[in-house]
Amino acid sequence: MIAPDRLMEVKRTIQNLYAQTPDWVTFYREVLGLRGIVRRVFPTRESLAAFEQTVAYQEILQLLTKLREQGPPVGEEAESTRVITVRLPKSLHESLQEEAFEHRTSMNKLCISKLLQFIDSDKVPSGSRPM
């Protein structure tokens, strides 16, 4: 169970930050990033997983989505980006392309949206074998 005072601390911080209308990258970094408020208040895997089941977490994702609609940060405020290569079966790639088309968005934006979602650990295969 999550202590109400910890939840209120997170909510207060998020409301204050969102009121400043940051770009989505800044909001993500300050809220959900490795040194963000959520990971500082919920530092263990168990506490973070419990928080990800709350309405507050869903609200964070909704705010993040609204900020992402404004586009990427520009100029000096832009955080450097990194590129990853993901190997996936042709059928999954085709499904993602179709889903991006149906949502009228790019594959990149769709994949970022999917990466931002909570994943149950029982849905992630363990082991170190590459695909």
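The numbers here are math on the coordinates, done by the rules we state, and not lab data. Note that the structure is a prediction, hence the values are computed from the model and not measured. Positions of Cβ are generated from backbone atoms using ideal geometry, with glycine treated the same way; all protein chains shown enter the neighbour counts.
Structure notes:
- Helical contribution to [θ] at 222 nm, DSSP H n ≥ 4, -39,500 (n - 2.57), averaged over the chain, rounded to 500: -16500 deg cm²/dmol
- Helix axis angle, 4-19 relative to the chain longest principal axis, alpha carbon, degrees: 70 degrees
- Given (1) 27, 21, 14; (2) 24, 18, 13; (3) 35, 24, 11, the label whose value is semi-axes √(5λ) of the Cα gyration tensor in Å derived from this model: (1)
- Relative contact order of the range 1-72, pairs being alpha-carbon contacts under 8 Å that are 6 or more residues apart, as %: 39 percent
- The packing ranking, built from the mean of other Cβ atoms within 10 Å per residue, places the peptides 47-54, 67-74, 90-97 in the order 47-54, 67-74, 90-97, highest first.
- Degrees separating the helix 55-68 axis from the principal Cα axis of the chain, which is the longest one: 60 degrees
- Relative contact order (percent, whole number), the chain, Cα cutoff 8 Å, 6+ residue spacing: 22 percent
- Sequence-distant aspartates and glutamates (8 or more away, or on other chains) whose Cα lies within less than 19 Å of residue 90: 98, 99, 102
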